[in-house]
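The values are calculated or read from the model by the stated rules, or taken from the named source; none is laboratory data. Just so it is clear, the structure is predicted and the values come from calculations on it, not from any experiment. Cβ placement follows ideal geometry from the backbone for every residue including glycine, while neighbour counts extend to all protein chains displayed. Heavy atoms of the whole protein, side chains included, go into the accessibility calculation; ligands, DNA and RNA do not. Shrake-Rupley method; radii C 1.70, N 1.55, O 1.52, S 1.80 Å.
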Amino acid sequence: VEGPTTIGTFHLSFTVPVASGAKIENIDQTVTANNVSMTLKSLTLNPSHAQALICFQMPSSLDWGLTASMITIDDKEYPFTGGGLAPSKSDSERCNEVGFDIAHNFEVPTSVTLTVPKLMASVNEVVTAETVDKANTRLADVGIVFNYENVDHGGNIVILQRPDGMSDQELYPLIWDALAEQYEGPWVFTVEISK
């Protein structure tokens, strides 16, 4: 095998615009739904990413999270794309950073709506037949039927029925969501942004 060959030297010239974002702190907007209070603490908006800090009362001892969250900017809705735990004041409260990949836009919006339709708990490592039955009931209207085979430190989803044309990329998130315990909201926050 021959080594790399030098073809020539290239010089590229281009301009990269840097757009400013907005960070709104101390929002402290609290919404209560289904006997659970949730507070939007802060919101950061950049041209391609939005991130919020939300704290909420734990409805039970399960590992509740905000993965069902979505943000609406300029009438376009974007789903949760990542986040993690943040420090909280007590064991009965949980704080999460929630992130959203948003469409590239150089203008800071005037209004943002953040919606948490439900809390979702982590799926147990060992999935019971009862949990699979509950998930299949949740998915009946979609036309998905599956089974779950527990194996050492995990499991395999076995698809028994799927809607025509639905890809695995669309199918598996629906199944994992259905397997999770859920606590219904919704909690809706609207933030007006002054320019």
Seminar exercise, completed: Listed by chain and number, the residues whose amide H is under 5 Å from that of I73, excluding neighbours fewer than 5 places away on the same chain and using placed H, are Y78
Seminar exercise, completed: Cα-based Rg/(2.2 N^0.38 Å) for the stretch 53-158, rounded to two decimals, is 1.34
Exercise. Hey, what do the phi angles of the stretch 177-191 turn into as Karplus ³J(HN,Hα) couplings, whole Hz, using 6.51/-1.76/1.60 and θ = phi - 60°, x for Gly and Pro?
Worked result: 4, 5, 6, 7, 5, 10, 10, 6, x, x, 10, 10, 10, 10, 10
Problem set entry | Full-extension gain in nm, K23 to M70, via 0.36 nm per residue minus C-alpha separation | 15.1 nm
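Where the only charges are on Cβ atoms (+1 Lys, Arg; -1 Asp, Glu), what is the dipole of the stretch 1-83 about its Cα centre, to the nearest 20 debye?
About 140 debye.
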Problem set entry | Heavy-atom accessible area order for K89, K76, largest first, 1.4 Å probe | K89, K76
For this session: Give the Cα extents of the stretch 70-112 along the principal axes, in whole Å, largest first.
Result: 38, 20, 16
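Keeping every protein chain in place, order H104, H49, H11 by accessible area at 1.4 Å, biggest value first, i.e. largest first.
H11, H104, H49
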Exercise. Between V158 and E107, what is the spin-label point distance in nm, taking each point 7 Å from the Cα along the Cα→C-beta axis?
Worked result: 5.4
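Can you tell me the accessible area per residue over the chain, all protein chains present, probe 1.4 angstrom, in square angstrom?
The answer is 62 Å² per residue.
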Problem set entry | In sequence order, calculated HN-Hα J values of the stretch 118-135 (Karplus, 6.51, -1.76, 1.60; Hz; x Gly/Pro) | 6, 8, 10, 8, 4, 7, 4, 4, 9, 9, 7, 4, 5, 5, 5, 4, 4, 5
Exercise. According to the square roots a ≥ b ≥ c of the eigenvalues of the Cα gyration tensor, what is the shape class of the stretch 9-97, taking rounded for a/c under 1.5, prolate for a/b larger than b/c otherwise, and oblate for the remainder?
Worked result: prolate
Seminar exercise, completed: Between H49 and residues 5 or more places away or on another chain, the pairs with built amide H atoms under 5 Å apart involve I102
Seminar exercise, completed: For the stretch 165-170, Karplus-derived ³J(HN,Hα) couplings (6.51, -1.76, 1.60; θ = phi - 60°; whole Hz; x for glycine and proline) come out as x, 7, 7, 4, 4, 7
Problem set entry | Prolate/oblate/rounded label for the chain (Cα gyration tensor, a/c 1.5) | oblate
